[in-house]
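Notes follow once the structure below has been shown.
The values are calculated or read from the model by the stated rules, or taken from the named source; none is laboratory data. Keep in mind the model is a prediction, meaning the values are calculated, not measured. Glycine also receives a Cβ, built like all others from the backbone with ideal geometry; neighbour counts cover every protein chain displayed.
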Amino acid sequence: MRPVADLSRLSPGSHLCAFYGDDEELSRVATAFVTAGLATGARVLYVAADHAVRGLGAALALRGVVDLDSAVDAGQLVLRDSAAVYGTGETDLATLAAAIGAESGEARRSGFTALRVAAEMTPFAEALGSAERLLQWERAASRMQQQSGVSSVCQYDERRLPQQDLRRLEVEHTGSAPAALTSPAAHFLATREPWGLRVVGQVDLENADELLAAVRARCAVDPRVFVDMRELTFIDVGATRELVALAAGLPADGTLFLVRPPAVLARILDLAFVRHQGLELVT
Amino acid sequence: MSAVVPGTHSALLYHSDEEWLASVGPFVSEGLTRGDHVLLMISPEQHDLLSRELGADMAGLEIGDPDVAYRPQARVLREVVGFLGRVQARTRLVAEQQLLAARTDLEVSDYLRIEAASNVLFERSTIDVLCPYDAVHLPGEVLDSCRRTHGHLLESGRSCASPAYVDPARFIAQHSFIPDPPASAVTFNCDSPQDLGTARGLVESHAAAHGLDVAATTGLLLGVTEILTNALEHGSAPRRLYVYREGPALACHVHDSGLGPADPLATYVPPDGDPRESRGIWLARQLCDAVEITTNLTGTHVRLLALVG
């Protein structure tokens, strides 16, 4: 087996695979991958059949941090039916790769840190009709993802593919995807109205870079960004300093609004920093 | 152009209001005569005492809030630096921490280290500081330390060099002993940034168990995060957090095997610009009741103390 990837620290361009034996396993892997992606402020494209999407919705509701509908409303979670994406199998593989590369650029232009894709591949494998064509696709996808920074998990039904094909598929991926997600220290979730980010959890040396990347991605689209801090339970001095620096570097019409920050943030600002006009506390 | 005369740091060990006034009165009025800006951080009673002596001249003085300036004690240097930033003229400051006689030994030791370190700040500023100490109510060791941490002593308004004065770095090194954590201490290995959240959880549960209020707990959590972050970024493994009761305080003791800050004195003085190395410890000083730091053969030890109850 390929090494199991750490979803909280996934390097860009990771191309993971996961073989499932039943629907529950399919759902668990997809949910872990999608949740981790949403938590980093990435756009997540989930290519799956309806029942799998319902499974994801239920699993998200159980976690209680983000629900499916609001992630979809914010444009952060994009659901696509596998049949619509893969077509009949006559699709030109280069065209498909180019389309995913273009989606990656579109995700960044829309205020997300990156594009992550979770895909139920079995229908595609069957539509392509030959193992050789499938392996050819996976090889092309690895190259495209390395270039564009798209991370993905390709899910295959191990009951419907021959063992030898599964082994050959495995080597075309950089790792395997876990069936469970250790809860990340914080979730950075995109919001559309007001434009910005909702932060849930704790921020320190572990994930300050992630927060900054997520805020920067929002600022790139609209420099008036609202960071909802109601569910932020801790932020350290370093991360606060970087937010202050980011706000100071915004264009003249830009403002970083920190909405309902926890007491710890006000304490840090009082201690160490001159408030810049690009930074506004909303209490 | 005349050379800039460096600032001075004097102590007055007084036994009565009369002795206090006989030195503070001339120190203040001489400053006013010379056109210095004068700031007082003294008690309301002392303020009245001085008013009777100076009369209308009191109007030219700036009055600081000693309650703010010494909570926590290390804040006082931040107040002084803020004051110097606002005032361009040469400055005189009378600073007497009223709470000192009621402080715990842990805090008094920390205050004396702050007094020693402040010489570095005053020497490079144009400020003359007078620190009156109540010689009746403060213990003899504290008064001895005053003589060792102030370059000058004032008696009946006359200034003389303190023969006991020692180099601040040496004084601090001599007064920075941190005992080994007790066997009963809760120990946590902090080897990666992923451990910081768990470390805070540990501190938070002990803070709650010891009845620390929200502000004190927040200060401790921020301080511990800063020190552990320093250990992760500048120190070396093993990096450990020990949490235990130390007399009247909850102690969060961080040990790493690194060399510690290049200049321990710099950790007392507010950073100008962005000297990242010493900022974490300076911040912790603003957030906790006392901060101790020592470097020895085992590495660097930083101990944050939050008074309980």
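Checking the condition among the basic types (Lys, Arg) and in a helix (DSSP H, G or I), which residue from B:92, B:113 passes? The conditions single out B:113. On the stretch given as the stretch A:133-179, residues that are within 14 Å of residue A:94 (Cα to Cα) and in contact with an Asp or Glu (Cβ under 7 Å, 6 or more places away or on another chain) total 4.
Select from the stretch A:185-206 the residues that are within 14 Å of another protein chain (Cβ to nearest Cβ) and more than 13 Å from residue A:232 (Cα to Cα) and list them in ascending order. Selection gives A:205, A:206. No other residue among A:5, A:94, A:83, A:58 is surrounded by 16 or more Cβ atoms within 10 Å (Cβ to Cβ) and among the hydrophobic types (A, V, I, L, M, F, W, C) apart from A:5. Under the condition of being touching a helix residue (DSSP H, G or I) at 6+ places or on another chain (Cβ under 9 Å) and of a type in the set (Asp, Glu), which residue from the stretch A:58-91 is nearest to residue A:137 (Cα to Cα)? Filtering first and then ranking leaves A:90.
Can you give me the number of residues within the stretch B:195-215 that are within 28 Å of residue B:238 (Cα to Cα) and under 26 Å from the mean Cα position of the chain (by Cα)?
Adding up the residues that qualify gives 6.
Set side by side, the residues B:226, B:233 differ, and just one is surrounded by 24 or more Cβ atoms within 10 Å (Cβ to Cβ) and either without any contact (Cβ under 8 Å) to a residue 12 or more places away in the chain or facing chain A (nearest Cβ under 9 Å) (or both), which is B:226.
Determine, yes or no, whether residue A:146 is away from chain B (no Cβ under 14 Å), more than 14 Å from the chain's Cα centre (by Cα), touching a residue at least 40 places away in the same chain (Cβ under 8 Å) and over 20 Å from residue A:247 (Cα atoms). Yes: the conditions hold for residue A:146.
Of all residues in the stretch B:1-19, count the ones that are surrounded by fewer than 20 Cβ atoms within 10 Å (Cβ to Cβ) and outside any strand (DSSP E or B). So the answer is 11. For residue B:260, the criteria (1) away from every other protein chain (no Cβ under 14 Å); (2) more than 23 Å from residue B:177 (Cβ to Cβ); (3) within 20 Å of the chain's Cα centre (by Cα) hold in every case but one, which is (2). I need a count of the residues in the stretch A:123-133 that are without any contact (Cβ under 8 Å) to a residue 40 or more places away in the chain, among the small types (Gly, Ala, Ser) and surrounded by fewer than 14 Cβ atoms within 10 Å (Cβ to Cβ). Number satisfying all stated conditions: 1. Of B:197, B:201, B:151, B:219, all but one fail to be in contact with a helix residue (DSSP H, G or I) (Cβ under 8 Å, 6 or more places away or on another chain) and surrounded by fewer than 22 Cβ atoms within 10 Å (Cβ to Cβ); the exception is B:151. Filter the stretch A:142-162 down to residues that are under 19 Å from residue A:37 (Cα atoms) and touching a Leu at 6+ places or on another chain (Cβ under 9 Å), then give me how many there are. Adding up the residues that qualify gives 8.
Among the residues of the stretch A:167-202, the one identified as among the basic types (Lys, Arg), under 30 Å from residue A:259 (Cβ atoms) and either outside the structural domain of residue A:234 (by TED's automatic domain parsing) or surrounded by 18 or more Cβ atoms within 10 Å (Cβ to Cβ) (or both) is A:198.
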